[in-house]
Amino acid sequence: MDTAAIDPALYRRVLGHYATGIAVVTALGEGEEPVGMAVTSFTSVSLDPMLVAFCPDKGSSTWPKIEQAGRFCVNLLSHDQEAVCRAFATRGGDKFAGVDYRISEHGLPVLEGVLASIECQIHSVVEAGDHWIVLGRVLTLEADAERDPLLFFRSAYAQLAPLAG
Ligand SMILES: Cc1cc2nc3c(=O)[nH]c(=O)nc-3n(C[C@H](O)[C@H](O)[C@H](O)COP(=O)(O)O)c2cc1C
(Lines give C-alpha, C1' and ligand atoms only; values in the text may rest on other atoms or scores of the structure.)
Protein backbone atom coordinates (compact mmCIF):
# COMPACT_ATOMS: atom_id res chain seq x y z
CA MET A 1 0.00 0.00 0.00
CA ASP A 2 1.25 3.49 -0.87
CA THR A 3 1.83 5.15 2.54
CA ALA A 4 0.49 8.44 1.16
CA ALA A 5 -2.90 6.68 0.96
CA ILE A 6 -2.89 5.56 4.61
CA ASP A 7 -5.32 7.40 6.86
CA PRO A 8 -3.39 9.08 9.76
CA ALA A 9 -6.15 7.86 12.14
CA LEU A 10 -5.40 4.28 11.06
CA TYR A 11 -1.67 4.84 11.65
CA ARG A 12 -2.39 6.13 15.18
CA ARG A 13 -4.83 3.32 15.94
CA VAL A 14 -2.54 0.52 14.75
CA LEU A 15 0.58 1.97 16.44
CA GLY A 16 -1.47 2.29 19.64
CA HIS A 17 -1.39 -1.52 19.81
CA TYR A 18 2.24 -1.32 20.89
CA ALA A 19 1.96 -1.23 24.71
CA THR A 20 4.46 1.05 26.42
CA GLY A 21 5.32 2.54 29.76
CA ILE A 22 5.03 6.30 30.28
CA ALA A 23 7.90 8.66 31.05
CA VAL A 24 8.03 12.31 32.08
CA VAL A 25 11.16 13.95 30.67
CA THR A 26 12.28 16.83 32.90
CA ALA A 27 14.98 19.51 32.94
CA LEU A 28 15.76 22.84 34.56
CA GLY A 29 14.93 25.65 32.17
CA GLU A 30 15.99 29.26 32.21
CA GLY A 31 15.97 30.80 35.69
CA GLU A 32 16.02 27.29 37.21
CA GLU A 33 12.36 26.84 36.23
CA PRO A 34 11.53 23.09 36.15
CA VAL A 35 10.08 21.92 32.82
CA GLY A 36 8.75 18.56 31.68
CA MET A 37 6.68 16.61 29.15
CA ALA A 38 4.99 13.21 29.15
CA VAL A 39 6.20 10.77 26.48
CA THR A 40 5.62 7.19 25.43
CA SER A 41 8.41 7.37 22.83
CA PHE A 42 11.17 6.52 25.32
CA THR A 43 13.42 3.54 24.61
CA SER A 44 16.84 2.16 25.47
CA VAL A 45 19.20 2.25 22.48
CA SER A 46 22.82 1.29 23.23
CA LEU A 47 24.73 -0.39 26.06
CA ASP A 48 28.25 0.71 25.04
CA PRO A 49 28.06 3.65 25.20
CA MET A 50 24.88 3.79 27.27
CA LEU A 51 22.35 5.68 25.15
CA VAL A 52 18.58 6.12 25.47
CA ALA A 53 16.15 7.99 23.21
CA PHE A 54 12.82 9.80 23.16
CA CYS A 55 10.96 11.64 20.39
CA PRO A 56 9.57 15.13 21.04
CA ASP A 57 7.07 16.64 18.60
CA LYS A 58 8.52 19.56 16.63
CA GLY A 59 5.56 21.59 17.98
CA SER A 60 6.48 20.95 21.63
CA SER A 61 7.10 24.11 23.65
CA THR A 62 8.94 22.12 26.33
CA TRP A 63 11.54 20.41 24.11
CA PRO A 64 13.46 23.65 23.22
CA LYS A 65 13.85 24.31 26.98
CA ILE A 66 15.20 20.78 27.53
CA GLU A 67 17.55 21.20 24.56
CA GLN A 68 18.78 24.51 26.01
CA ALA A 69 19.46 22.80 29.35
CA GLY A 70 21.62 20.22 27.52
CA ARG A 71 20.56 17.40 29.84
CA PHE A 72 17.37 15.71 30.93
CA CYS A 73 15.92 13.21 33.41
CA VAL A 74 13.62 10.41 32.22
CA ASN A 75 11.14 9.70 35.06
CA LEU A 76 9.37 6.35 34.51
CA LEU A 77 5.89 6.66 36.03
CA SER A 78 4.47 4.27 38.62
CA HIS A 79 0.99 2.71 38.31
CA ASP A 80 -0.53 5.34 40.67
CA GLN A 81 0.80 8.38 38.74
CA GLU A 82 -1.86 8.80 36.03
CA ALA A 83 -2.59 12.32 37.35
CA VAL A 84 1.11 13.18 37.02
CA CYS A 85 1.03 12.00 33.40
CA ARG A 86 -2.03 14.12 32.65
CA ALA A 87 -0.40 17.21 34.20
CA PHE A 88 2.73 16.78 32.07
CA ALA A 89 0.74 16.03 28.91
CA THR A 90 -1.01 19.41 29.11
CA ARG A 91 0.48 22.42 27.36
CA GLY A 92 1.03 25.51 29.51
CA GLY A 93 0.21 26.12 33.17
CA ASP A 94 2.38 25.04 36.07
CA LYS A 95 2.88 21.35 35.36
CA PHE A 96 4.80 20.92 38.64
CA ALA A 97 1.96 22.25 40.86
CA GLY A 98 1.24 19.59 43.47
CA VAL A 99 4.06 17.34 42.18
CA ASP A 100 6.85 16.57 44.65
CA TYR A 101 10.36 16.49 43.21
CA ARG A 102 13.99 16.99 44.18
CA ILE A 103 16.88 18.50 42.26
CA SER A 104 19.61 15.90 41.65
CA GLU A 105 23.38 16.34 41.78
CA HIS A 106 23.26 16.80 38.00
CA GLY A 107 20.79 19.67 38.45
CA LEU A 108 17.78 17.75 37.16
CA PRO A 109 14.25 17.48 38.60
CA VAL A 110 13.60 13.90 39.78
CA LEU A 111 9.91 13.28 40.51
CA GLU A 112 8.94 11.59 43.80
CA GLY A 113 7.27 8.19 43.62
CA VAL A 114 8.57 7.19 40.19
CA LEU A 115 9.47 3.68 39.16
CA ALA A 116 12.91 4.67 37.93
CA SER A 117 14.90 7.74 36.91
CA ILE A 118 17.54 7.96 34.18
CA GLU A 119 19.60 11.16 34.02
CA CYS A 120 21.19 11.95 30.69
CA GLN A 121 23.30 14.43 28.79
CA ILE A 122 22.06 15.20 25.27
CA HIS A 123 24.24 13.17 22.86
CA SER A 124 22.63 14.09 19.53
CA VAL A 125 19.36 15.12 17.93
CA VAL A 126 18.16 13.56 14.67
CA GLU A 127 15.40 15.02 12.50
CA ALA A 128 12.57 12.54 11.88
CA GLY A 129 9.52 13.89 10.06
CA ASP A 130 7.36 15.96 12.41
CA HIS A 131 9.38 14.80 15.47
CA TRP A 132 12.98 14.84 16.67
CA ILE A 133 14.81 11.73 17.86
CA VAL A 134 16.81 12.79 20.93
CA LEU A 135 19.65 10.53 22.04
CA GLY A 136 20.87 10.89 25.62
CA ARG A 137 24.08 9.54 27.15
CA VAL A 138 23.29 8.11 30.58
CA LEU A 139 24.90 9.97 33.50
CA THR A 140 23.26 8.07 36.36
CA LEU A 141 20.20 5.91 36.92
CA GLU A 142 18.22 4.16 39.66
CA ALA A 143 15.07 2.06 40.06
CA ASP A 144 12.61 1.16 42.83
CA ALA A 145 12.08 -2.61 42.67
CA GLU A 146 8.89 -2.33 44.78
CA ARG A 147 6.84 -0.26 42.31
CA ASP A 148 4.73 -1.30 39.29
CA PRO A 149 4.55 0.71 36.04
CA LEU A 150 1.84 2.90 34.54
CA LEU A 151 1.16 1.54 31.04
CA PHE A 152 -0.41 2.97 27.88
CA PHE A 153 -2.25 0.75 25.38
CA ARG A 154 -4.88 1.54 22.71
CA SER A 155 -4.97 5.19 23.87
CA ALA A 156 -5.82 4.19 27.45
CA TYR A 157 -3.96 3.95 30.74
CA ALA A 158 -3.42 0.44 32.08
CA GLN A 159 -1.65 -1.53 34.77
CA LEU A 160 0.21 -4.82 34.78
CA ALA A 161 -1.86 -7.96 35.16
CA PRO A 162 0.82 -10.59 35.77
CA LEU A 163 0.24 -13.92 34.08
CA ALA A 164 -0.70 -16.68 36.50
CA GLY A 165 1.94 -19.30 37.18
C1 LIG B 1 0.43 8.99 27.00
C2 LIG B 1 1.04 10.16 26.31
C3 LIG B 1 2.20 9.99 25.56
C4 LIG B 1 2.81 11.07 24.92
N5 LIG B 1 3.97 10.86 24.19
C6 LIG B 1 4.56 11.91 23.57
C7 LIG B 1 5.78 11.73 22.87
O8 LIG B 1 6.35 10.64 22.80
N9 LIG B 1 6.33 12.82 22.26
C10 LIG B 1 5.74 14.06 22.32
O11 LIG B 1 6.28 15.01 21.77
N12 LIG B 1 4.60 14.25 23.00
C13 LIG B 1 4.00 13.21 23.62
N14 LIG B 1 2.84 13.40 24.32
C15 LIG B 1 2.26 14.75 24.35
C16 LIG B 1 3.03 15.65 25.29
O17 LIG B 1 3.08 15.15 26.62
C18 LIG B 1 2.38 17.04 25.31
O19 LIG B 1 2.12 17.46 24.00
C20 LIG B 1 3.29 18.06 25.91
O21 LIG B 1 3.69 17.78 27.19
C22 LIG B 1 2.58 19.39 26.03
O23 LIG B 1 3.14 20.24 25.14
P24 LIG B 1 4.44 21.12 25.46
O25 LIG B 1 5.65 20.31 25.08
O26 LIG B 1 4.25 22.27 24.56
O27 LIG B 1 4.46 21.44 26.92
C28 LIG B 1 2.23 12.35 24.99
C29 LIG B 1 1.06 12.53 25.74
C30 LIG B 1 0.47 11.45 26.40
C31 LIG B 1 -0.77 11.66 27.20
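The values are calculated or read from the model by the stated rules, or taken from the named source; none is laboratory data. What you are looking at is a predicted structure, and each value in this text was computed from that prediction instead of being measured. Every residue, glycine among them, receives a Cβ derived from its backbone with ideal geometry; neighbour counts consider all protein chains shown. Quick note on the areas: whole protein, heavy atoms, side chains included, nothing else; ligands and nucleic acids left out. Shrake-Rupley method; radii C 1.70, N 1.55, O 1.52, S 1.80 Å.
What are the ³J(HN,Hα) values, in whole Hz, obtained from phi via the Karplus relation 6.51 cos²θ - 1.76 cosθ + 1.60 with θ = phi - 60°, for each residue of region 124-133 in sequence order, with x given for Gly and Pro?
Karplus values, whole Hz, x for Gly and Pro: 6, 10, 10, 6, 8, x, 8, 10, 10, 9.
What residues qualify as long-range amide H neighbours of Ile22, i.e. H under 5 Å apart, gap of 5 or more or another chain, H built at 1.01 Å from N?
Leu77, Leu150
Please report, in whole Å³, the volume per residue of the convex hull around the C-alpha atoms of region 35-157.
117 Å³
Run the accessible area of the chain with a 1.4 Å probe and give the carbon-and-sulfur part as a rounded percent.
53 percent
Near the amide H of Ala89, under 5 Å away, which other amide H atoms are found, from residues 5 or more places off or on another chain, if H is placed in the peptide plane?
Ala38
Kindly write out, for region 6-20 in residue order, the coupling ³J(HN,Hα) from the Karplus curve 6.51 cos²θ - 1.76 cosθ + 1.60 (θ = phi - 60°), rounded to whole Hz, with x marking Gly and Pro.
With the stated coefficients, region 6-20 comes to 7, 5, x, 5, 5, 4, 4, 5, 5, 5, x, 7, 8, 5, 9 Hz.
For a quick check: with amide H placed at 1.01 Å from N, whose amide H comes under 5 Å from Thr62's, ignoring anything fewer than 5 positions away on the same chain?
none
Of the trypsin sites (Lys or Arg not before Pro) in region 70-165, which ones lie in a loop per DSSP and count no more than 16 other C-beta atoms within 10 Å?
Filter output for region 70-165: Arg91, Arg154.
Connecting C-alpha atoms closer than 10 Å in a GNM of the chain, tell me which of Gly31, Gly136, Gly93 has the biggest fluctuation.
Evaluated over the chain, the most mobile residue of the options is Gly31.
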